[in-house]
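In what follows, a single structure is set out as structure tokens and then discussed.
The values are calculated or read from the model by the stated rules, or taken from the named source; none is laboratory data. Note that the structure is a prediction, hence the values are computed from the model and not measured. In this analysis, Cβ positions are derived from the backbone assuming ideal geometry, glycine residues included, and neighbour counts consider all displayed protein chains. Please note that ligands, DNA and RNA were not included when accessible areas were found on the heavy atoms of the full protein model with its side chains. Shrake-Rupley method; radii C 1.70, N 1.55, O 1.52, S 1.80 Å.
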Amino acid sequence: MAATPSAGGARLVQRAPDRAVPARKWQPPHGREVLERLLTALREWEPGGPVISLDEVYQTLEDVLGDDAYLSGPELAKLDARLREHLVQLVPVLRQKAGGSASHEEQRAIGRARRLRERPLPVTHSQARAHVRGLATAVQSILYLLVEATAVEEAAPQQRQSRENGGPA
């Protein structure tokens, strides 16, 4: 131990670390797949861009459209809010991926999402249930278009490389 003077004149005692205690090896809190998915998301993240949890989106879709979906009155309002939030997050991503050249299908999906978001949740149970299901199918459509756009983006470099190597286009 070494003593050092402090500002108040008292001596502070600093203890040297005990080297006899072995340090445990650090283990990541999650498995390899989760960490790789997180790293991919961090690489693709743009500051100020939307933070989207696809797990939450898929869970909401399962809650609305799944085989065990039971849409009670209080649950409808919660699902309506979640689906609206998903559309707020996903539509700008689709617009960004489409750039200035959105296809007819992308324009239709975006327009439908906007119209559904503008409508308030209906008062009657059957109309509210139909509205929430409509929101869910709009989310599904946008996810489908995003997956399709991503597949095209990923295929383009492979096709280009194949052509450069003399393979079929």
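Here is how the numbers come out for the structure above:
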| quantity | calculated |
| --- | --- |
| Qualifying residue in the range 103-118 (condition: part of a loop (DSSP other than H, G, I, E, B), open to solvent by less than 50 Å² (accessible area, probe 1.4 Å) and within 21 Å of THR60 (Cβ to Cβ)) | no |
| Residue in the range 43-56 that is surrounded by 11 or more Cβ atoms within 10 Å (Cβ to Cβ), aromatic (Phe, Trp, Tyr) and modelled with pLDDT under 80 present | yes |
| Per-region count, the range 62-74, residues free of Cβ contacts under 8 Å to residues at least 60 places away in the same chain and either open to solvent by 60 Å² or more (accessible area, probe 1.4 Å) or under 21 Å from LEU143 (Cβ atoms) (or both) | 8 |
